[in-house]
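Novice: One structure is given below, represented as structure tokens, and several questions about it will come after.
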There are 2 protein chains.
Amino acid sequence: MNGTKKRNFDPDELREERVSGETVYNGRILNLRVDRVKLPHGGIRPREVVEHKKAVMILAENDRGEILLINQFRYPAGEVLTELPAGIVEPGEDCAAAAERELREETGWKPGKISKIGEFYTSPGFSDELLTMYYAADLTPDGLPFDEDEFIVPSFFSKEAALALAEDGGIRDAKSLYGIYWWLYGTLRRG
Amino acid sequence: MNGTKKRNFDPDELREERVSGETVYNGRILNLRVDRVKLPHGGIRPREVVEHKKAVMILAENDRGEILLINQFRYPAGEVLTELPAGIVEPGEDCAAAAERELREETGWKPGKISKIGEFYTSPGFSDELLTMYYAADLTPDGLPFDEDEFIVPSFFSKEAALALAEDGGIRDAKSLYGIYWWLYGTLRRG
């Protein structure tokens, strides 16, 4: 293997096929499934899959060009993280409606405009969690009650403040780093 | 709640304290722990935590200003994803050494220079997975044998090609989207 050769490939040649499997845990926000899969070379291997509900993330910008970030204790991380607002889509709920609801619950601001930017996995090596990102604007103060078990402190950040935070290790969450750099890049490119 | 008031907060006021817990699954790439925690208002709630080994991601740029992306079937996602090279840090291994090893294994290129950019959680709502990002340059073709169970197709992408891929939904992985926009933003800002 002496360096990368650019070459086409057939995605089906990389595919792993499920042979069998079982759910080993059914929980509150996730389930854990362990499957046996057939690899492209024919070998059988285990695959651990954390099943997670769909989620949404919102980059909300006010008319002064500032975005909303929230501070929240994240128990798995063991620390308070500064993140873009995000949350789980409820059963039967539309993703855009979930994005508007989460923004109102977590920050107290209601978007007049909301548009889908894209969707991505957060940890595709071990989880099926798929997150849809929205851009929100035309914000008016019109909150919804917090989830009583969520303790969240929202703030607005200018471009300069958000960049300083991202560069200095103040944002320690992959999806939020993506959202912030997506926004900074778009702003810089438009001039 | 009528809109965000910028205010200081004491991180300890947001903290959740572990009361008890048990490991419900011990696996190959992850463990699952279910803890009972005390919330700031005193209530006791369950918290599901996927324990995962530390990981690294590498943004490797050649002297033509192109970066390495890999194509790999991701079983939890059920599709081939295009991502920045990444992998798990071995027991006792230094993160920078892991980054160099993963790049050589997955792409066949060895970095002459490698520097840490930062670290972040991939899914802090349910997992402790912490990923350290590296920037690598001065690439020479000097691969290491693939993990025999990994089927990976690497390619170089120019700035224009990487941006088109990211904007058109061709990158469906949060950490890779962050890495690409971090790189595009830095390049654009330097002019």
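The values are calculated or read from the model by the stated rules, or taken from the named source; none is laboratory data. What you see is a predicted model, and the numbers here were worked out from it, not measured in a lab. Backbone-built Cβ (ideal geometry, glycine too); neighbour counts: all protein chains shown. SASA here: full protein model, heavy atoms, side chains in, ligands and nucleic acids out. Shrake-Rupley method; radii C 1.70, N 1.55, O 1.52, S 1.80 Å.
Novice: Take the Cα atoms of region A:60-118, find their three principal axes, and give me the spread along each one in whole Å, biggest first.
Specialist: Extents along the principal axes: 35, 34, 23 Å.
Novice: Moving on. Kindly report the accessible area of region A:55-185 per residue (heavy atoms of protein chains, probe 1.4 Å, no ligands, DNA or RNA), in Å².
Specialist: That works out to 33 Å² per residue.
Novice: Hey, can you rank B:75-85, A:156-166 by average C-beta count inside 10 Å, highest first?
Specialist: Result, highest mean first: B:75-85, A:156-166.
Novice: I've got another one for you. Whole-Hz ³J(HN,Hα) for each residue in region A:41-47, computed from phi via Karplus 6.51 cos²θ - 1.76 cosθ + 1.60 with θ = phi - 60°, x for glycine and proline: what do you get?
Specialist: Computed from phi, the couplings for region A:41-47 are 8, x, x, 9, 9, x, 9 Hz.
Novice: May I pose another question? Considering the dipole of the protein assembly as shown built from charges on the beta carbon (Lys and Arg +1, Asp and Glu -1) around the Cα centre, which of B:32, B:46, A:8 is farthest to its positive end?
Specialist: A:8
Novice: Tell me, Kirkwood radius of the protein assembly as shown from alpha-carbon pair distances, in Å? Kindly include the intermediate steps, with their values, before the conclusion.
Specialist: Values: mean 1/r = 0.0464 Å⁻¹.
It is 21.6 Å.
Novice: For region B:14-139, calculate the relative contact order in percent as a whole number, restricting contacts to Cα pairs under 8 Å that are 6 or more residues apart.
Specialist: 23 percent
Novice: Now for a different question. Measure up A:110/B:159; A:110/B:175; A:38/B:159 against 30 Å on the Cα-Cα distance and list the ones that go over. Let's see the in-between values first.
Specialist: Details: A:110/B:159 36 Å; A:110/B:175 28 Å; A:38/B:159 36 Å.
Table pairs above 30 Å Cα-Cα are A:110/B:159; A:38/B:159.
Novice: Say a label goes 7 Å from Cα toward Cβ at residue B:186 in every copy; what distances in nm does this one have to the rest, shortest first?
Specialist: Those separations, rounded to one decimal, come out as 2.3 nm.
Novice: What are the nm distances, shortest first, from residue B:19 to its equivalents in the other copies, labels at 7 Å along Cα→Cβ?
Specialist: 4.4
Novice: Taking the Cα centre as origin and putting +1 on Lys and Arg beta-carbons and -1 on Asp and Glu beta-carbons, what dipole magnitude results for the protein assembly as shown, to the nearest 20 debye?
Specialist: Roughly 500 debye, rounded to the nearest 20.
Novice: Report, in debye and to the nearest 20, how large the dipole of region A:92-142 comes out about its Cα centre when Lys and Arg carry +1 and Asp and Glu carry -1 on their Cβ. Walk me through the numbers before you get to the answer.
Specialist: Details: 5 positive and 11 negative charges, 44 e Å.
That gives a dipole near 220 debye.
Novice: Ok, one more. Can you check how the C-alpha radius of gyration of chain B compares to 2.2 N^0.38 Å, as a plain ratio?
Specialist: Compared with the compact-globule rule of thumb, chain B sits at 1.21.
Novice: List the accessible area buried at the contact between A and B, summed over both sides and calculated with a 1.4 Å probe, in Å² to the nearest 100.
Specialist: Chain pair A/B: roughly 8100 Å² of buried accessible area.
Novice: If you roll a 1.4 angstrom probe over the protein chains with everything in place, what fraction of the accessible area of region B:55-185 belongs to carbon and sulfur, to the nearest %?
Specialist: Reported share for carbon and sulfur atoms: 48 percent.
Novice: Can you pull the mean other chain C-beta count within 10 Å for peptide A:166-175?
Specialist: 6
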